[in-house]
Amino acid sequence: MKKICLIVLVVLLLPVTSSFAATATQRIFIPYAVVGDGYWSGLVIHNTSNSAMTFIVCVYTNTGEGHYGTAVVDVQPHAMEARPVENFLGSHVLSVQMSLQILTITNTPFQATLVIGSENGFGFQNYKSEDYLGLVY
């Protein structure tokens, strides 16, 4: 009986999985950023390659159960894109804690810097991308 269920499952999923392809990409996950309550966060995406790159920036809720939005950002070779985190969403986000994920559609390494500040000063953290096996349509 288990073999039959497995065969049926494979046959049913075959059309679905054939529309997806696994591809190696690069990813940075930033576990904490904040906007509001006297704090601000800025994100700088660094393209250190010799070719223009497209980045996908996903902004997730602090619980990880939802997301505030996704932005597609093009960065020229050896250039950077620097914005307040809320400007990646196209609208202002009020008083939220969040996490960020930055993906490329290629396997070219890149870097990012998160800056968090308040009236008392600021700090920053640099991130290097890591290999990430993602699914693309």
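Worth a mention:
- Test: residue in segment 9-26 that is modelled with pLDDT of 85 or more and exposed (fewer than 15 other Cβ atoms within 10 Å of the Cβ): no
- Residue list for segment 69-84, restricted to those being out of contact with any Asp or Glu (no Cβ under 9 Å at 6 or more places or on another chain) and either part of a strand (DSSP E or B) or at pLDDT below 90 (or both): Gly69, Thr70, Ala71, Val72, Met80, Ala82, Arg83, Pro84
- Index of the failed condition, Tyr60 passing every other in (1) more than 20 Å from Leu133 (Cβ to Cβ); (2) at pLDDT below 95; (3) assigned to a strand (DSSP E or B): (1)
- Residue within segment 38-47 that is surrounded by fewer than 17 Cβ atoms within 10 Å (Cβ to Cβ), in a loop (DSSP other than H, G, I, E, B), more than 13 Å from the chain's Cα centre (by Cα) and among the polar types (S, T, N, Q) present: no
The values are calculated or read from the model by the stated rules, or taken from the named source; none is laboratory data. What you are looking at is a predicted structure, and each value in this text was computed from that prediction instead of being measured. Positions of Cβ are backbone-derived with ideal geometry, glycine not excepted, and every protein chain shown enters the neighbour counts.
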